[in-house]
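**Student:** The structure's right below; bear with me while I get my questions together.
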Amino acid sequence: MTIRMERRGAAAIVTIDRPDQRNALSRETVLELGRAGKELGADDSVRVVVLTGAGDKAFCAGADLKERVAMSDDDVREMLSLYASELAWLEGSPFPVVAALNGAALGGGLELALTCDLRVAAAHAVLGLPETSLGIIPAAGGTQRLPRIVGYAKALELVLLGTRLDANQALGIGLVNRVTPAGASVVDDALAWISPIALGAPIAQRQALAAVRAAREKPLREGLELERRAYDACLTSEDRREALRAFTEKRKPIFRGR
Ligand code: COA
């Protein structure tokens, strides 16, 4: 196996476990990530997923360039299709996925992190899309997802110049949500940061996640209609009535996901 999975309460941690290869994405790793997504998607008790890499050098160094050397053009095309099919769960899952960047996130490694909903970076992490310096372009979604996250001009700068950012520069442009204090574990820090999600109302969180995700691709009118439908799913929930009761009784609500 090139990935590991672990549960901590309502959170699942998925770790790419190829530290000697700086957690580069081999074909096998991409397929294993796809299988992990199916397993997690079928488990209602999972409220958040943290995706990280083993060791402290790299979250993921991108495509496995050693494997790539022996690939035909068609093999590479197939790999790109595999990225799209096997990693789609990262942005279509019923739970938010947080990338915990324990080190370098370069090329396909940053693209993997861009597919996640949120990003937390270790203080020593470096981020960049060096593809054009390798005679290619980011093609695991980077050219489309990066501008949606940091805006057009910054994205173009990162793609055309292949600029490498440190964690604080990435925080400054909104590429990561949070930088973990030096010396602390980025996974523990990410878990502590997202812990309110595990205590929140499950239906509201699923609907909020789906509605905000939709803003990345839907025109405003369609997004607003989707938002109304998502609200409606919360309106009729027992959890909403419980929150109102708890408010009047001056206590914390107990959410049951119904
Ligand atoms: N694919 C396959 N193997 C990789 C790899 C990749 N993308 N990136 C690193 N490795 C391997 C190295 O070949 C080396 O293997 P070896 O011990 O058999 O020689 C090992 O990982 C350690 O690499 P090294 O560069 O010494 O590690 P580092 O900790 O000093 O630096 C990185 C880590 C991630 C900053 C650096 O490896 C790097 O820049 N990698 C290339 C990233 C890249 O350009 N990806 C874009 C692909 S489109």
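**Student:** Cut-off under 23 Å on the C-alpha distance; same-chain residues fewer than 8 positions from Lys57 excluded. Which lysines are left, in chain and number order?
**Tutor:** Lys66
**Student:** So how much slack lies between Ala70 and Arg241, counting 0.36 nm per residue of separation and subtracting their Cα-Cα distance, in nm?
**Tutor:** Details: separation 171, 0.36 × 171 = 61.56 nm, distance 5.95 nm.
Full extension of this stretch gives 55.6 nm more.
**Student:** State, to one decimal in nm, how far the label point of Ala84 lies from the label point of Asp20, with both points 7 Å from Cα in the Cβ direction.
**Tutor:** About 3.5 nm separates the two model spin labels.
**Student:** Another one. Per 10 Å bin, what percent of the C-alpha pairs of the stretch 105-258 does each bin hold, from zero upward?
**Tutor:** For the stretch 105-258, the binned pair fractions read 10, 29, 28, 22, 9, 2, 0 percent.
**Student:** Quick check: from the Cα gyration tensor, does the stretch 202-249 come out rounded (a/c under 1.5), prolate or oblate? Intermediate results must be reported in sequence, preceding the final value.
**Tutor:** Details: a/c = 3.38, a/b = 2.67, b/c = 1.27.
It comes out prolate by the Cα gyration axes.
**Student:** What length, rounded to one decimal in nm, is gained on full extension from Leu160 through to Met5, with 0.36 nm per residue of separation minus their alpha-carbon distance? Don't skip to the answer; put the middle values down first.
**Tutor:** Values: separation 155, 0.36 × 155 = 55.80 nm, distance 3.56 nm.
Difference between extended and current length: 52.2 nm.
**Student:** Now for a separate question. Checking the a/c ratio against 1.5 first, then a/b against b/c, what shape does the Cα gyration tensor give for the stretch 1-154? Could you put the intermediate results ahead of the total?
**Tutor:** Working: a/c = 1.44, a/b = 1.30, b/c = 1.11.
Here the stretch 1-154 falls in the rounded category.
**Student:** I've got another one for you. Search the structure for amide H atoms under 5 Å from the amide H of Ala63, placed 1.01 Å from N in the peptide plane, and list their residues when 5 or more places away or on another chain.
**Tutor:** Under 5 Å from the amide H of Ala63: Leu25, Gly108, Gly109.
**Student:** Taking N as the number of residues in the stretch 75-174, what value does Rg over Cα atoms divided by 2.2 N^0.38 Å take?
**Tutor:** Scaled against compact globular proteins, the figure is 1.03.
**Student:** If you don't mind, another one. Let me test this: with uniform point scatterers at the alpha carbons of the chain, what is the Debye-based log₁₀ I(q)/I(0) at q = 0.11, 0.13 1/Å?
**Tutor:** -0.62, -0.85
**Student:** Further question on the same structure: Could you check the simple spin-label distance between Lys252 and Ala210, using points 7 Å along Cα→Cβ, in nm with one decimal?
**Tutor:** Taking the two extended label points, one gets 2.8 nm.
**Student:** Pick from Thr248, Thr29, Thr115 the residue whose mean-square fluctuation is largest in a GNM of the chain, springs joining Cα atoms under 10 Å.
**Tutor:** Thr248
**Student:** Which sequence of Ser93, Ser195 reflects their accessible areas, 1.4 Å probe, from the largest down? Before the final figure, lay out each step's value.
**Tutor:** Working: Ser93 10, Ser195 55 Å².
The ordering from most to least exposed comes out as Ser195, Ser93.
The values are calculated or read from the model by the stated rules, or taken from the named source; none is laboratory data. Computed from a predicted model, the values in this text were never measured in an experiment. Every residue, glycine as well, gets a Cβ built from its backbone with ideal geometry; the counts of neighbours run over all protein chains shown. Note: areas computed on protein heavy atoms with side chains; ligands, DNA, RNA excluded. Shrake-Rupley method; radii C 1.70, N 1.55, O 1.52, S 1.80 Å.
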